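The values are calculated or read from the model by the stated rules, or taken from the named source; none is laboratory data. What you are looking at is a predicted structure, and each value in this text was computed from that prediction instead of being measured. Neighbour counts are summed over all protein chains in view; Cβ atoms, including those assigned to glycine, are modelled from backbone coordinates with ideal geometry.
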Amino acid sequence: MWFEIYLDAEDKWRWRLCRILSSGLIDIIATSHQAYSDKSVCEIDIMNVKLTNATTPIRYI
């Protein structure tokens, strides 16, 4: 599993938690559902989520 941080169509930061299925497809497990104007606030939100699984990497796309 990994986190992806990306800019949406409105230039707001969002994150999603992804994994690769056995079929090779990417499955989005969770999303921020909230847009952030500042990337650092988005990263803080991920850190709060990571408290439950500290080994999940973050990927910037």
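Structure notes:
- Against the conditions (1) at pLDDT 90 or above; (2) loosely packed, with under 11 Cβ neighbours inside 10 Å, Trp2 satisfies every one except (2).
- Where a residue in segment 32-52 is under 14 Å from Phe3 (Cα atoms) and its partner, wherever it lies, is surrounded by 15 or more Cβ atoms within 10 Å (Cβ to Cβ) and among the aromatic types (Phe, Trp, Tyr), with Cβ under 6 Å and at least six apart: Ser32/Trp15; Lys39/Trp13; Cys42/Trp13; Cys42/Trp15; Cys42/Tyr36; Ile46/Phe3; Ile46/Trp15
- Selection from segment 1-43 of residues that are farther than 17 Å from Ile58 by Cβ and aliphatic (A, V, I, L, M): Ala9, Leu21, Leu25, Ala35
- All conditions in (1) modelled with pLDDT under 95; (2) within 12 Å of the chain's Cα centre (by Cα) hold for Ile28, with the sole exception of (1).
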